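One structure is given below, encoded as structure tokens.
What follows draws every value from the coordinates through simple rules; no lab data is involved. Since the model is a prediction, treat every value here as computed from it, not as a measurement. Cβ: placed from backbone, ideal geometry, glycine included. Neighbour counts: every protein chain shown.
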Amino acid sequence: MKKYSFSIALLWSVCTLGMAQTSAFKPNPQAVAEIPHEVLAIGASAPDFRLPATDGKYYTLKDFAKSKVLVIVFTCNHCPTAQAYEDRLIALTADYKTKGVQVVAISPNSPVSLLLEELGYTDLNDDFESMQQRVKDKKYNFPYLYDGDNHAVSVKYGPVATPHVFVFDAARKLQYQGRIDASEKPGTANSEDLRASIDALLAGKTPNPQTTKVFGCSTKWAWKIEFKDQVQKEWDAKPIKLEDIDAAGIKTLLANKTDKLLLINVWATWCGPCIIEYPEFVKMQRMYGDRDFEFVSISADKLEQKDKALSMLKKKSSAVRNYIFSGKDSYALIEAMDPAWNGALPYTMLIEPEGKVAYKLQGSIKPLELRKMIAEHPKLGRYY
């Protein structure tokens with residue numbers, strides 16, 4: 001009985017140890033020295049890997065040993081081209097599920113090298129948590145692996161852009177690398193190049209061609225950080241102003257006679273939730289500001305507190321259109337913004353051209369929810 005109990009205890013220890021190895025993964029992206037790399041050559045063996053996936057497991061090459069064809073897709077969350085191919089990859093995976101074909105996605109990008117200004121077509125970054133969110137949103141039917149800490153695996157394959165596919169035969173020799181198909185826009189193609197390479201291998205033939213060029217966002221290697229530092233310094237150096245606005249000016253602002261989405265936030269220095277969430281709005285301006293989007297702030301502080309409000313804006317690097325209500329009656333501000341608003345701060349509105357209200361919220365925003373709404377709005381969108 002003691003021996004049996006010991007065996008059970010030992011088995012439990014082994015099981016829990018294995019679980020700890022997967023569930024305890026904590027991403028640690030960091031800048032690294034440049035690593036020489038090139039695109040894997042046709043005929044080369046698939047480099048082995050052991051990478052964490054969004055489902056809480058680690059995967060190695062051996063986990064897919066039974067598959068006749070292995071498709072490794074280097075992709076990511078933020079790239080509009082990568083997003084444009086998501087549904088096609090999901091459909092392809094389903095179509096070949098019973099034919100011995102395994103699709104595996106790997107994100108090669110380092111979160112430390114990504115600029116906020118590069119996230120204008122998404123609601124997410126390329127960090128591990130964002131990968132988990134994207135899988136949840138899109139219901140991926142293939143494993144999504146993370147290699148953003150140090151590119152230990154990606155440099156062995158050499159993806160030049162996202163997406164970039166590598167197709168291996170049953171012996172795990174590379175037989176095709178390149179694009180998924182020749183048309184980025186969703187609905188205009190059906191993964192023809194990738195499907196042709198898979199079909200050829202399933203038929204015992206060599207794909208023709210075996211290589212194609214790729215089009216997409218360049219791989220975000222962790223040694224490319226100087227430009228990110230430079231852009232941050234340029235943003236921090238921008239002048240920050242605070243101008244007066246009255247009730248009539250607010251009504252003109254809300255009429256939105258521009259071609260942009262206007263995100264407007266009413267805040268105050270004495271409002272704790274306002275101060276806490278404010279950096280999220282600056283982040284959104286940096287993400288979407290190069291597109292048809294603008295963030296505008298309105299301080300509800302009294303005019304005699306203008307210097308204090310400006311000081312807060314400078315601390316938050318709020319290099320946007322910043323206003324402070326110039327009227328003495330706070331209720332005039334409330335009525336000018338929205339007669340249905342009861343006046344509690346913070347208050348946020350998303351205004352379409354010609355003044356249509358797409359979103360309004362009293363209280364703290366949910367940043368991811370709002371970013372998703374902006375990214376998927378017809379004025380912007382996730383694709384070119």
Item to check | Residues of the stretch 333-364 satisfying the condition of being in contact with a strand residue (DSSP E or B) (Cβ under 8 Å, 6 or more places away or on another chain), small (Gly, Ala, Ser) and surrounded by 15 or more Cβ atoms within 10 Å (Cβ to Cβ) | outcome: Ala358
Checklist outcome for this item: Note: among Ala31, Ala82, just one is surrounded by 19 or more Cβ atoms within 10 Å (Cβ to Cβ), within 27 Å of the chain's Cα centre (by Cα) and within 30 Å of Tyr288 (Cβ to Cβ), namely Ala82
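Name the single residue, out of those in the stretch 319-332 being crowded, with 19+ Cβ neighbours inside 10 Å and closer than 21 Å to Asp246 by Cβ, that is nearest to the chain's Cα centre (by Cα). So that I can check it myself, show each step before the final result.
Step one: filter the stretch 319-332 for residues crowded, with 19+ Cβ neighbours inside 10 Å, giving 319-320, 322-325.
In the following step, the residues that additionally are closer than 21 Å to Asp246 by Cβ were identified as 320, 322-325.
Numbers: Val320: 23, Asn322: 27, Tyr323: 30, Ile324: 33, Phe325: 35 Å.
Across the stretch 319-332, the extreme among qualifying residues is Val320.
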Checklist outcome for this item: Here the qualifying pairs (Cβ atoms under 7 Å; residues six or more apart or on different chains; first in the stretch 331-354 and over 19 Å from Glu277 (Cα atoms); second aromatic (Phe, Trp, Tyr)) come out as Leu333/Phe325; Ile334/Trp341; Met337/Tyr347; Trp341/Tyr347
Item to check | Any hit, the stretch 293-305, residues being in contact (Cβ under 8 Å) with a residue 24 or more places away in the chain, surrounded by 20 or more Cβ atoms within 10 Å (Cβ to Cβ) and part of a loop (DSSP other than H, G, I, E, B) | outcome: yes
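With the requirement that a residue be assigned to a loop (DSSP other than H, G, I, E, B), more than 26 Å from Thr122 (Cβ to Cβ) and touching a residue at least 60 places away in the same chain (Cβ under 8 Å), what does the stretch 40-66 give you?
Applying the first criterion (assigned to a loop (DSSP other than H, G, I, E, B)) to the stretch 40-66 yields 40-44, 46-49, 54-57, 65-66.
Now restrict to residues that are more than 26 Å from Thr122 (Cβ to Cβ): 40-44, 46-48, 65-66.
Matches in the stretch 40-66: Leu40, Ala41, Ile42, Gly43, Ala44, Ala46, Pro47.
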Checklist outcome for this item: For the stretch 269-288 the number of residues that are touching a residue at least 40 places away in the same chain (Cβ under 8 Å) and not in a helix (DSSP H, G or I) is 2
Next on the checklist: For the stretch 220-268, which positions are under 16 Å from Lys314 (Cα atoms) and either of a type in the set (A, V, I, L, M) or outside any loop (DSSP other than H, G, I, E, B) (or both)?
Outcome noted: Gln232, Lys233, Glu234, Trp235, Asp236, Ala237, Ile240, Leu242, Glu243, Trp267, Ala268
Item to check | Lone unmet requirement of (1) assigned to a loop (DSSP other than H, G, I, E, B); (2) of a type outside the set (Ser, Thr, Tyr); (3) out of contact with any strand residue (DSSP E or B) (no Cβ under 9 Å at 6 or more places or on another chain) for Arg371 | outcome: (1)
Item to check | Failed criterion for Thr122 (all others in (1) within 20 Å of Glu376 (Cβ to Cβ); (2) among the β-branched types (Val, Ile, Thr); (3) surrounded by 19 or more Cβ atoms within 10 Å (Cβ to Cβ); (4) out of contact with any Lys or Arg (no Cβ under 8 Å at 6 or more places or on another chain) hold) | outcome: (4)
